[in-house]
Amino acid sequence: MWKLTYLFSLLISSFLLSSCGSHKDDAENKAGPHFSFKGMEWIIGQWRGVEGPSEFTEEWRVQDDSTYVGKGVFKRDGNVVLEEDLVLDMNFGVVMYVVNIVGSEQGKVNFTMMEKTDSMLVFTNPEHDYPQNIIYRRISKDSLSAELNGVSKGSYQREVFLFKRVHSGV
């Protein structure tokens, strides 16, 4: 009798362990669409844009096979107005764009990659005040645009920054 009870306990334990694992996988799969870093290499390097008295730069480098790290700086009349630490990070197939504004108490803001093509990366965070979307578009080998858009104070806003490559980084 004890053998039957033991076998039944093993069977139930195995079922419970396997079902717990699948729920975890389901939760991870629902975090966002799954992408790889393959085809995103075009963003690596140093980028610079100028518009009137404003200069904006971004620099991206590969940290490892699932992380790119970057730095964004916005200057007006030569003075730093905004500095950001940027990370593209992949966990369980979900690519996150993480922004941390240097000197801000806001903390890190996460955007989930929702679309990727050979020439476009789309990141979204509908809960963020502004922007809710960040879109990188590869215009050519040595130029790209970064678009910020969403609703701010009740109205739709859109900003587009044009960058030229300063250094490839690869």
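The values are calculated or read from the model by the stated rules, or taken from the named source; none is laboratory data. From a predicted model like this one, the values you see are computed outputs, not experimental measurements. Here the Cβ is made from the backbone with ideal geometry for all residues, glycine too, and neighbour counts use every protein chain on show. Side chains are part of the model used for accessible areas, which takes the heavy atoms of the whole protein and leaves out ligands, DNA and RNA. Shrake-Rupley method; radii C 1.70, N 1.55, O 1.52, S 1.80 Å.
Rank GLU58, GLU127, GLU83 by accessible area, highest first, at a 1.4 Å probe radius?
Result, largest first: GLU127, GLU83, GLU58.
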For the stretch 112-170, what does the accessible surface come to per residue with a 1.4 Å probe? Please give it in Å². 60
Accessible carbon and sulfur surface of the stretch 68-137 relative to its total accessible area, %, 1.4 Å: 49
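Find how much the distance from HIS34 to LYS108 grows on full extension, using 0.36 nm per residue of separation minus their present alpha carbon separation; answer in nm with one decimal. Kindly include the intermediate steps, with their values, before the conclusion.
Numbers: separation 74, 0.36 × 74 = 26.64 nm, distance 2.17 nm.
24.5 nm is the gain from fully extending HIS34 to LYS108.
Which FRET efficiency value, to the nearest 0.05, do you get for ASP118 and LYS75 by plugging their Cβ-Cβ distance into 1/(1 + (r/R0)^6) with R0 = 30 Å? If you can, show how the numbers build up before the last one.
Numbers: r = 31 Å, r/R0 = 1.04.
Step by step, r from the Cβ atoms, then E = 0.45.
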Relative contact order for the stretch 70-142: what is it in percent, counting Cα pairs under 8 Å that are at least 6 residues apart? 17
Could you order ILE101, ILE134, ILE139 by accessible surface area, starting with the largest, using a probe radius of 1.4 Å? ILE139, ILE101, ILE134
Explain nothing, just compute: Karplus ³J(HN,Hα) = 6.51 cos²θ - 1.76 cosθ + 1.60, θ = phi - 60°, for every residue of the stretch 149-161 in order, whole Hz, x for Gly and Pro. 8, x, 9, 9, 6, x, 10, 6, 10, 8, 10, 10, 10
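What fraction of the DSSP beta bridges in the stretch 31-102 is antiparallel, stated in percent and rounded to the nearest 5? Working shown, then result.
On the way: 35 of 35 bridges.
So the antiparallel bridges in the stretch 31-102 amount to around 100 percent.
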